[in-house]
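Shown next, in structure tokens, is the structure this report addresses.
The values are calculated or read from the model by the stated rules, or taken from the named source; none is laboratory data. The structure presented is a predicted model; accordingly, all values stated were derived computationally and were not measured. With ideal geometry, Cβ positions are generated from the backbone for all residues, glycine too; neighbour counts draw on all protein chains shown. Just the protein is used for accessible areas: all its heavy atoms, side chains included, with ligands, DNA and RNA removed. Shrake-Rupley method; radii C 1.70, N 1.55, O 1.52, S 1.80 Å.
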Amino acid sequence: MAIRKIVTLGSETLRKTSKPVREFDESLHALLDDMKNTMIERNGVGIAAVQVGVLRRAIVIELDEGEFLEVVNPQILKTKGKVKGSEGCLSVPGFYCDVERPKYVKVAAYDRNGQPFEFEAKDYIARCVCHEIDHLNGLLFVDYTDEGKKYKSEHGEV
Ligand code: NI
């Protein structure tokens, strides 16, 4: 297992759409392990593969202290409600702002072995899930607010 380098705001990689995972093999497992370790090392609560430069639809989220959820090829099935809350991102170090997200999400995904599963999340975890799924589509939390747009224009993005 290794700590990988985090891709930061200004890199075109972060704006690319990640491709579905097709092979649930050792390289996926190594990727997920490295993502988890990189996230822990950097004190993050969620990470998408694109943030370590791999354009595949895989994310890891910390559900609780030491408890992690691996989510491959996620599809949002349902959302409910809207709530504003503070967000940050390992790829946008030092910046935080309030973003509106669903209060509840239901997601279909695959685990690291290619087994399908569904899960529900609310409040803070729902926010994390939506933030990470955005990464797979080239979106960043700074895209949603005037404050965020100003920040990204000052930090390497047009
Ligand atoms: Ni992020």
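Each row is one residue, and each column tells you yes or no for (1) within 14 Å of the ligand (Cβ to nearest atom); (2) under 20 Å from LYS19 (Cα atoms).
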{"residue": "GLY94", "(1), (2)": "yes, no"}
{"residue": "ALA109", "(1), (2)": "no, yes"}
{"residue": "ARG112", "(1), (2)": "no, yes"}
{"residue": "LYS122", "(1), (2)": "no, no"}
{"residue": "HIS131", "(1), (2)": "yes, yes"}
{"residue": "HIS135", "(1), (2)": "yes, yes"}
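Condition (residue is over 15 Å from the mean Cα position of the chain (by Cα) and hydrophobic (A, V, I, L, M, F, W, C)) applied to region 74-91: is it met by at least one residue?
Yes, some residue in region 74-91 is over 15 Å from the mean Cα position of the chain (by Cα) and hydrophobic (A, V, I, L, M, F, W, C).
For region 80-95, give me each residue that is in contact with a Pro (Cβ under 9 Å, 6 or more places away or on another chain) and in a loop (DSSP other than H, G, I, E, B).
GLY81, LYS82
Scan region 39-73 for residues that are open to solvent by less than 50 Å² (accessible area, probe 1.4 Å) and within 12 Å of the ligand (Cβ to nearest atom) and jot them down.
Those that are open to solvent by less than 50 Å² (accessible area, probe 1.4 Å) and within 12 Å of the ligand (Cβ to nearest atom): MET39, GLY44, GLY46, ILE47, ALA48, ALA49, VAL50, GLN51, VAL52, ILE59, VAL60, ILE61.
Out of all the residues in region 137-146, which are open to solvent by less than 10 Å² (accessible area, probe 1.4 Å) and near the ligand (Cβ under 10 Å from one of its atoms)?
The answer is LEU140, PHE141, VAL142.
Mind checking which residues of region 148-158 are touching a residue at least 12 places away in the same chain (Cβ under 8 Å) and exposed (fewer than 14 other Cβ atoms within 10 Å of the Cβ)?
GLY156, the sole residue that qualifies.
Condition check ((1) aromatic (Phe, Trp, Tyr); (2) under 30 Å from HIS155 (Cβ atoms); (3) touching a residue at least 12 places away in the same chain (Cβ under 8 Å)) across all residues:
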position: GLU67; (1), (2), (3): no, no, no
position: ARG101; (1), (2), (3): no, yes, yes
position: LYS106; (1), (2), (3): no, no, yes
position: TYR110; (1), (2), (3): yes, no, yes
position: GLN115; (1), (2), (3): no, no, no
position: LYS122; (1), (2), (3): no, no, yes
position: VAL129; (1), (2), (3): no, yes, yes
position: ASN137; (1), (2), (3): no, yes, yes
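For region 7-52, give me the residue count where each residue is of a type in the set (Ser, Thr, Tyr), in contact with a Lys or Arg (Cβ under 6 Å, 6 or more places away or on another chain) and under 23 Å from GLN75 (Cα atoms).
1
Quick one: in region 74-87, which of the residues that are under 22 Å from ALA49 (Cβ atoms) and surrounded by fewer than 16 Cβ atoms within 10 Å (Cβ to Cβ) is farthest from the ligand (Cβ to nearest atom)?
Only one residue tops the list, namely LEU77.
So ASP98 clears everything in (1) open to solvent by less than 60 Å² (accessible area, probe 1.4 Å); (2) out of contact with any Pro (no Cβ under 6 Å at 6 or more places or on another chain); (3) part of a strand (DSSP E or B) except one condition, right? Which one?
Unmet condition: (1).
Checking the condition assigned to a helix (DSSP H, G or I) and either of a type in the set (Val, Ile, Thr) or farther than 22 Å from VAL7 by Cβ (or both), which residue from ILE76, ILE59, ILE125 passes?
ILE125
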